[in-house]
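The values are calculated or read from the model by the stated rules, or taken from the named source; none is laboratory data. What you are looking at is a predicted structure, and each value in this text was computed from that prediction instead of being measured. When we count neighbours, we look across all protein chains shown, and the Cβ atoms used for this are built from the backbone with ideal geometry, even at glycine. Areas reflect the complete protein model, heavy atoms only, side chains present, ligands, DNA and RNA absent. Shrake-Rupley method; radii C 1.70, N 1.55, O 1.52, S 1.80 Å.
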Amino acid sequence: MPHTATTLPAEVDQLLQRLGVAHTSYTGGTLAVRSPITGEAIAHLPQTSPAEASAAIARAQVAFLAWRTVPAPRRGELVRLLGEELGAAKADLGLLVTLEVGKVPSEGAGEVQEMIDICDFAVGLSRQLYGLTIATERAEHRMMETWHPMGVVGVISAFNFPVAVWCWNAALALVCGNAVVWKPSEKTPLTALATMAIAQRALARFGDAPEGLLELLVGQRDIGEVLVDDARVKVLSATGSTAMGRAVAPRLAGRFARAILELGGNNAAIVAPSADLDLTLRGIAFAAMGTAGQRCTTLRRLFVHDSIYDTLVPRLAQVYAKVQVGDPRSSGTLMGPLIDRAAFDSMQAALTESRALGAVVHGGTRVESAPEAFYVRPALVELADHTGPVLRETFAPILYMLRYESLDQAIDWHNAVGAGLSSSIFTLNMREAERFMASNGSDCGIANVNIGPSGAEIGGAFGGEKETGGGRESGSDSWKAYMRRATNTINYSTQLPLAQGVKFDV
């Protein structure tokens, strides 16, 4: 495959045509989409106006009123068909993720596989939306809970997982009886257009889904604000920075909407003295360098026990020095580009600040490429103290490393940041592992042992605490976020006893 600047727009056009995306939806518009692989514009999309966004939400509201009455297993059939269509388009959609985001092909295909997997999960869930039967103190009464659809679900997704996060939300929201309106990142709308084209094929095969069940809004922040502020949007799932969450959360709370926030993650791993160092090296490498350090679950802080620090860190530096950085389509490449110049500038600012604190920095330099494509060597930063840029998330391949002496010290450092998304410990000591996962251990929503903090499976609930926002998506009982609970009491007696022994005879 030739990898030249002159062929990339044509390659994108061919992919979009194969995926069924109308040519007019990505040409002639004002929203320029640039591939981080070359930095060049590969499409110009017409943008949704605020009025058009409001009309899309109105269509979704009408669709919800019809969809909520469809039996859940029947709703699951639509999601099953979506999974089939995604499977048929996996190679092309995965490649489009690579071209628009800069992920290596296995990560692009893996993101589409994640969509297929959550569809499988949601289909099974469509027959398992269980409520409880609850013991009641009143004779000849039955108390139970039932679950009902919420309404229109808004999804605001980020560039780094341009399609999987939508599917996490959409697959569950659909089987739960809701309509979905999606505003993708303005940096990655092409994969969203392709996903909607795939979804339309599933809808056509399904046959009788209401119009407006799945809507797409293309645009900048102002279009996202329409979703945030519209009272018809009962649930909003928003993925992005902590700053975005701080802006969105009060507005949702002000109108009593439900928020599913997936925000920052300054994730850490602890390497204990008993750790299997070969396994640990592999775990660190993927967690810290996968997606060029642009995952919310990327490993950003590494606490290594003093007794093994001088053994592990030189080996890790060797791995970092030899990892291949470049065009993600090239054989052997493990790390593609940063998404844009702003990401590169943020990385360099963090490294400059680290050096000013006396840190030893390995790597972090720019790799020669096109003027507007930003490839960098992954950076290892050896710090003496847990201070400075290590305390905040920089969305780039920077791994800060510190020595620790006791597990208590490492856990204190681990928890001493604002975010609380994902975490891990590498140890063969059961007591250390259990201490890390206990209530006085990691304060994150995800705590792993002998794997890195990234690469979560769809079966578990995904999300974190503190400045990560508290939201949960994907597996486990995350479906409850898309439904409302009703507690029901049925009296089948001839009496009317009141709870708590209250007497009210008239």
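Given the criterion touching a His at 6+ places or on another chain (Cβ under 6 Å), part of a strand (DSSP E or B) and either within 29 Å of PRO162 (Cα to Cα) or of a type in the set (Phe, Trp, Tyr) (or both), identify the matching residue among ALA259, ALA268. Break it down stepwise before answering.
Details: ALA259 fails: touching a His at 6+ places or on another chain (Cβ under 6 Å).
Just one listed residue meets the conditions, ALA268.
Looking at (1) under 25 Å from ALA272 (Cβ atoms); (2) part of a strand (DSSP E or B); (3) open to solvent by less than 40 Å² (accessible area, probe 1.4 Å); (4) touching an Asp or Glu at 6+ places or on another chain (Cβ under 8 Å), which is the only condition ARG403 fails?
Looking at each condition in turn, ARG403 falls short on (3).
In region 119-132, is there at least one residue being closer than 28 Å to SER330 by Cα and out of contact with any Asp or Glu (no Cβ under 9 Å at 6 or more places or on another chain)?
Within region 119-132 (the criterion being closer than 28 Å to SER330 by Cα and out of contact with any Asp or Glu (no Cβ under 9 Å at 6 or more places or on another chain)), the answer is no, since none of the residues qualifies.
Could you give me the residue pairs with C-beta distances under 9 Å whose first residue belongs to region 490-506 and is outside any helix (DSSP H, G or I), whose second residue is at pLDDT 95 or above and polar (S, T, N, Q) wherever it lies, and which are 6+ apart or on separate chains?
Correct list of pairs: PRO497/ASN491.
How about region 317-371: which of its residues are out of contact with any strand residue (DSSP E or B) (no Cβ under 9 Å at 6 or more places or on another chain) and either modelled with pLDDT under 95 or assigned to a loop (DSSP other than H, G, I, E, B) (or both)?
ARG329, SER330, SER331, GLY332, LEU357, GLY358, ALA370, PRO371 - these are the residues of region 317-371 that are out of contact with any strand residue (DSSP E or B) (no Cβ under 9 Å at 6 or more places or on another chain) and either modelled with pLDDT under 95 or assigned to a loop (DSSP other than H, G, I, E, B) (or both).
If a residue has to be surrounded by 13 or more Cβ atoms within 10 Å (Cβ to Cβ), more than 21 Å from ILE339 (Cβ to Cβ) and of a type in the set (Gly, Ala, Ser) to count, how many in region 4-30 make the cut?
2
For region 204-228, enumerate the residues that are farther than 27 Å from MET244 by Cβ and either outside any loop (DSSP other than H, G, I, E, B) or in contact (Cβ under 8 Å) with a residue 12 or more places away in the chain (or both). Step through it out loud before you land on a result.
Of all residues in region 204-228, those farther than 27 Å from MET244 by Cβ come to 204-211.
ALA204, ARG205, PHE206, ALA209, PRO210, GLU211 - these are the residues of region 204-228 that are farther than 27 Å from MET244 by Cβ and either outside any loop (DSSP other than H, G, I, E, B) or in contact (Cβ under 8 Å) with a residue 12 or more places away in the chain (or both).
If we keep just the residues of region 85-122 that are small (Gly, Ala, Ser) and open to solvent by 20 Å² or more (accessible area, probe 1.4 Å), which is farthest from the chain's Cα centre (by Cα)?
ALA88
Please go through region 48-88 and pick out each residue that is among the acidic types (Asp, Glu) and either more than 30 Å from GLY110 (Cα to Cα) or touching an Asp or Glu at 6+ places or on another chain (Cβ under 9 Å) (or both).
If the condition is that a residue be among the acidic types (Asp, Glu) and either more than 30 Å from GLY110 (Cα to Cα) or touching an Asp or Glu at 6+ places or on another chain (Cβ under 9 Å) (or both), then GLU52 is the only one that fits.
Counting just the residues of region 123-143 that are among the hydroxyl-bearing types (Ser, Thr, Tyr) and surrounded by fewer than 19 Cβ atoms within 10 Å (Cβ to Cβ), which one comes out nearest to GLY290 (Cα to Cα)?
Our first condition is that a residue be among the hydroxyl-bearing types (Ser, Thr, Tyr); within region 123-143, this holds for 126, 130, 133, 136.
If we keep only those that are surrounded by fewer than 19 Cβ atoms within 10 Å (Cβ to Cβ) too, we end up with 130, 133, 136.
On the way: TYR130: 37, THR133: 45, THR136: 52 Å.
That would be TYR130.
Evaluate the following for ASN169: is it touching a Gly at 6+ places or on another chain (Cβ under 7 Å), closer than 28 Å to GLY265 by Cβ and buried (at least 24 other Cβ atoms within 10 Å of the Cβ)?
Considered against the rule, which asks whether it is touching a Gly at 6+ places or on another chain (Cβ under 7 Å), closer than 28 Å to GLY265 by Cβ and buried (at least 24 other Cβ atoms within 10 Å of the Cβ), ASN169 comes out as no.
Condition test on VAL21, is it in contact with an Asp or Glu (Cβ under 8 Å, 6 or more places away or on another chain), in contact (Cβ under 8 Å) with a residue 24 or more places away in the chain and either within 23 Å of THR188 (Cα to Cα) or part of a helix (DSSP H, G or I) (or both)? Give the derivation first.
Values: in contact with an Asp or Glu (Cβ under 8 Å, 6 or more places away or on another chain): no; in contact (Cβ under 8 Å) with a residue 24 or more places away in the chain: yes; either within 23 Å of THR188 (Cα to Cα) or part of a helix (DSSP H, G or I) (or both): yes.
Against the criterion (in contact with an Asp or Glu (Cβ under 8 Å, 6 or more places away or on another chain), in contact (Cβ under 8 Å) with a residue 24 or more places away in the chain and either within 23 Å of THR188 (Cα to Cα) or part of a helix (DSSP H, G or I) (or both)), VAL21 does not qualify.
Only one of (1) surrounded by fewer than 18 Cβ atoms within 10 Å (Cβ to Cβ); (2) touching a residue at least 60 places away in the same chain (Cβ under 8 Å); (3) of a type in the set (Val, Ile, Thr); (4) part of a helix (DSSP H, G or I) fails for VAL390. Which number is that?
Only one criterion in (1) surrounded by fewer than 18 Cβ atoms within 10 Å (Cβ to Cβ); (2) touching a residue at least 60 places away in the same chain (Cβ under 8 Å); (3) of a type in the set (Val, Ile, Thr); (4) part of a helix (DSSP H, G or I) is unmet by VAL390, namely (1).
Consider ALA410 against the criteria (1) in contact with a strand residue (DSSP E or B) (Cβ under 7 Å, 6 or more places away or on another chain); (2) open to solvent by 10 Å² or more (accessible area, probe 1.4 Å); (3) more than 25 Å from ALA321 (Cα to Cα): it satisfies all of them except one. Which criterion is unmet?
So ALA410 meets the others, but not (2).
Name the pairs: first residue in region 75-87 and touching a residue at least 60 places away in the same chain (Cβ under 8 Å), second residue open to solvent by less than 30 Å² (accessible area, probe 1.4 Å) and acidic (Asp, Glu), Cβ to Cβ under 9 Å, at least 6 apart or on different chains?
Note: no pairs meet the criteria.
Quickly run through region 417-439 and pick out the residues that are in contact (Cβ under 8 Å) with a residue 40 or more places away in the chain and either within 26 Å of SER241 (Cα to Cα) or assigned to a helix (DSSP H, G or I) (or both). Give the derivation first.
To start, the set of residues in region 417-439 that are in contact (Cβ under 8 Å) with a residue 40 or more places away in the chain comprises 417-429, 432, 436.
VAL417, GLY418, ALA419, GLY420, LEU421, SER422, SER423, SER424, ILE425, GLU432, PHE436, listed by residue number.
Suppose the filter is over 26 Å from GLY475 (Cα atoms), more than 26 Å from the chain's Cα centre (by Cα), of a type in the set (D, E, K, R) and in a helix (DSSP H, G or I); does ARG59 pass it? Steps first, please.
Values: over 26 Å from GLY475 (Cα atoms): yes; more than 26 Å from the chain's Cα centre (by Cα): yes; of a type in the set (D, E, K, R): yes; in a helix (DSSP H, G or I): yes.
So ARG59 fits the description; yes.
Taking region 377-406, which residues are out of contact with any helix residue (DSSP H, G or I) (no Cβ under 6 Å at 6 or more places or on another chain) and more than 23 Å from PHE344 (Cα to Cα)?
Residues satisfying the conditions are ALA384, ASP385, LEU402, SER406.
Just to be sure I understand the filter: pairs with C-beta atoms under 7 Å, separated by 6 or more residues or on different chains, first member in region 330-346 and acidic (Asp, Glu), second member in a loop (DSSP other than H, G, I, E, B) and open to solvent by less than 10 Å² (accessible area, probe 1.4 Å). Which pairs pass?
ASP340/PRO36
Looking at THR242, THR146 in this structure, which one is hydroxyl-bearing (Ser, Thr, Tyr), closer than 30 Å to SER493 by Cβ and open to solvent by 10 Å² or more (accessible area, probe 1.4 Å)?
Values: THR242 fails: closer than 30 Å to SER493 by Cβ.
Going through THR242, THR146 in turn, the sole match is THR146.
What are the residues in region 31-70 that are open to solvent by 10 Å² or more (accessible area, probe 1.4 Å), over 15 Å from ASP230 (Cβ atoms) and of a type in the set (S, T, N, Q), if any?
Answer for region 31-70, where residues must be open to solvent by 10 Å² or more (accessible area, probe 1.4 Å), over 15 Å from ASP230 (Cβ atoms) and of a type in the set (S, T, N, Q): THR38, GLN47, THR69.
Look through ARG355, ARG315, ARG301, ARG341 and report the one residue that is open to solvent by 30 Å² or more (accessible area, probe 1.4 Å) and within 22 Å of TRP413 (Cα to Cα).
Values: ARG315 fails: within 22 Å of TRP413 (Cα to Cα); ARG301 fails: open to solvent by 30 Å² or more (accessible area, probe 1.4 Å); ARG341 fails: within 22 Å of TRP413 (Cα to Cα).
One residue alone meets the criteria, ARG355.
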